[in-house]
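Okay, structure first, notes after.
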Amino acid sequence: MRILLTGGTGMIGTELIKNLDAGKHDLTILTRKPKNISAGVRFISTLQDVKEPCDIVINLAGAGLADRRWSQSYKREVWESRIDLTQHLVHWMASLESPPKKLI
């Protein structure tokens with residue numbers, strides 16, 4: 001199964017990657033901060049870098065809710081990284097010739 005994961009370098013995403021059987025899945029991680037997490041994992045920085053259709057999109061991306069005080073600028077960052085990204089993912093999937101089966 002081909003999986004696109006956003007937020008794969010965060011706390012939950014990192015644990016999810018550890019628990020996915022890499023031999024059974026082709027895993028692509030959309031992130032701003034690539035890490036050397038696991039062999040067989042591909043990192044991309046934009047949706048335009050997705051070259052093959054994916055079966056599932058798992059969206060875990062977003063600024064941390066408890067990382068710092070909630071100033072107006074941080075509220076905007078949280079909104080953009082969570083709401084705006086999710087809307088962008090939905091529009092991207094709808095534009096594909098062969099869209100993913102699931103958005104989780």
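Annotations for the structure displayed:
- Considering each residue of segment 22-33 in turn, none proves to be exposed (fewer than 13 other Cβ atoms within 10 Å of the Cβ) and either on the phi > 0 side of the Ramachandran plot or modelled with pLDDT of 85 or more (or both).
- Among residues of segment 68-78, those that are of a type in the set (D, E, K, R) and not in a loop (DSSP other than H, G, I, E, B), counted: 3
- Qualifying residue in segment 52-67 (condition: modelled with pLDDT under 90, among the charged types (D, E, K, R) and either closer than 25 Å to E15 by Cα or not in a loop (DSSP other than H, G, I, E, B) (or both)): yes
- Any hit, segment 69-77, residues being among the aromatic types (F, W, Y), over 17 Å from I12 (Cα atoms) and open to solvent by less than 50 Å² (accessible area, probe 1.4 Å): yes
- Tally of residues being of a type outside the set (G, A, S), free of Cβ contacts under 8 Å to residues at least 24 places away in the same chain and loosely packed, with under 15 Cβ neighbours inside 10 Å across segment 78-96: 7
The values are calculated or read from the model by the stated rules, or taken from the named source; none is laboratory data. Keep in mind that this is a model prediction, so the values were computed, not measured. So basically every Cβ, Gly included, is an ideal-geometry build from the backbone, and we count neighbours across all protein chains shown. These area figures cover heavy atoms from the full protein model, side chains too; ligands, DNA and RNA do not enter into them. Shrake-Rupley method; radii C 1.70, N 1.55, O 1.52, S 1.80 Å.
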